[in-house]
1. In the list A:Gln17, A:Gln41, which residue meets the criterion of being in a loop (DSSP other than H, G, I, E, B), open to solvent by 80 Å² or more (accessible area, probe 1.4 Å) and within 11 Å of chain B (Cβ to nearest Cβ)?
2. Please determine, by comparing only the residues of the range B:79-101 that are surrounded by fewer than 14 Cβ atoms within 10 Å (Cβ to Cβ) and away from every other protein chain (no Cβ under 14 Å), which one is farthest from A:Pro43 (Cα to Cα).
3. In the list A:Ser94, A:Ser66, A:Ser73, A:Ser62, which residue meets the criterion of being within 14 Å of another protein chain (Cβ to nearest Cβ), open to solvent by less than 60 Å² (accessible area, probe 1.4 Å) and either of a type in the set (Ser, Thr, Tyr) or in a strand (DSSP E or B) (or both)?
4. Would a scan of the range B:49-69 turn up a residue that is more than 11 Å from every other protein chain (Cβ to nearest Cβ) and in contact with a helix residue (DSSP H, G or I) (Cβ under 9 Å, 6 or more places away or on another chain)?
5. Which residues, counting only those in the range A:68-109, are of a type in the set (Phe, Trp, Tyr) and more than 19 Å from B:Cys90 (Cβ to Cβ)?
6. Identify the residue in the range A:97-113 that is open to solvent by 50 Å² or more (accessible area, probe 1.4 Å) and not in a strand (DSSP E or B) and, among all such residues, is farthest from the other protein chains (Cβ to nearest Cβ).
7. Among the residues that make up the range B:70-78, is at least one of them within 9 Å of chain A (Cβ to nearest Cβ), open to solvent by 10 Å² or more (accessible area, probe 1.4 Å) and either under 26 Å from A:Tyr33 (Cβ atoms) or in contact with a His (Cβ under 7 Å, 6 or more places away or on another chain) (or both)?
8. Take A:Glu56 and tell me if it is modelled with pLDDT under 95 and assigned to a strand (DSSP E or B).
Amino acid sequence: DTGVSQDPRHKITKRGQNVTFRCDPISEHNRLYWYRQTLGQGPEFLTYFQNEAQLEKSRLLSDRFSAERPKGSFSTLEIQRTEQGDSAMYLCASSLDLLETQYFGPGTRLLVL
Amino acid sequence: GESVGLHLPTLSVQEGDNSIINCAYSNSASDYFIWYKQESGKGPQFIIDIRSNMDKRQGQRVTVLLNKTVKHLSLQIAATQPGDSAVYFCAENGDFGNEKLTFGTGTRLTIIP
């Protein structure tokens, strides 16, 4: 399978714990995007990378959230001190280049108890 | 802020009939539009895209129409099949060369056998 992959697919955690999600983009895609989707809504942009450089962050991305793409390949999204409001589907997408199609992964569903 | 909206939250269509899903956008500077299909528990799946220098684009059983005058986008699915049942999102990039996508809330399409 050469699509975008995400791990884990599901995560249940207690409020206050830290969680980390991983995204592996399609090979050779230099753009990588993170979105968040809550029930009944469309995805909302969080941040994106061009290779290893993080180029834009949404104001949705509070200081408890951090994303990295250290070698320009896979990316991680960490949420510190999780809150119940962080419960959502976290989606990763990648594209070959500027304004090319963004292909999404299956998402990581987070539930904060 | 700018938003992307859909006219109908749900749509039911008889199998074999054609369906049309509509989307209104408010940002006249958007120059890239995409339709995604999302099945339950999965990430959004790319269907078709269109740039602002076009008003129509066709794919396999799908056609996207863009009316920049009234800022309206539609997705036509021909000869619908049970596998077309899903939530459909339109998304736009909000500004020339902008990479982050803004999604609408989605339309749930149900194909009746």
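1. None of the others qualify; the one that does is A:Gln41.
2. Among residues in the range B:79-101 that are surrounded by fewer than 14 Cβ atoms within 10 Å (Cβ to Cβ) and away from every other protein chain (no Cβ under 14 Å), the one farthest from A:Pro43 (Cα to Cα) is B:Ala79.
3. Working: A:Ser66 fails: within 14 Å of another protein chain (Cβ to nearest Cβ); A:Ser73 fails: within 14 Å of another protein chain (Cβ to nearest Cβ); A:Ser62 fails: within 14 Å of another protein chain (Cβ to nearest Cβ).
Matching residue, one of A:Ser94, A:Ser66, A:Ser73, A:Ser62: A:Ser94.
4. Yes.
5. Selection gives A:Phe74, A:Tyr90.
6. It comes out as A:Leu113.
7. Let us first name the residues in the range B:70-78 that are within 9 Å of chain A (Cβ to nearest Cβ), namely none.
No, the range B:70-78 has no match at all.
8. yes
The values are calculated or read from the model by the stated rules, or taken from the named source; none is laboratory data. Computed from a predicted model, the values in this text were never measured in an experiment. Using ideal geometry, Cβ is built from the backbone for each residue, glycine included, and neighbour counts are taken over all protein chains shown. Quick note on the areas: whole protein, heavy atoms, side chains included, nothing else; ligands and nucleic acids left out. Shrake-Rupley method; radii C 1.70, N 1.55, O 1.52, S 1.80 Å.
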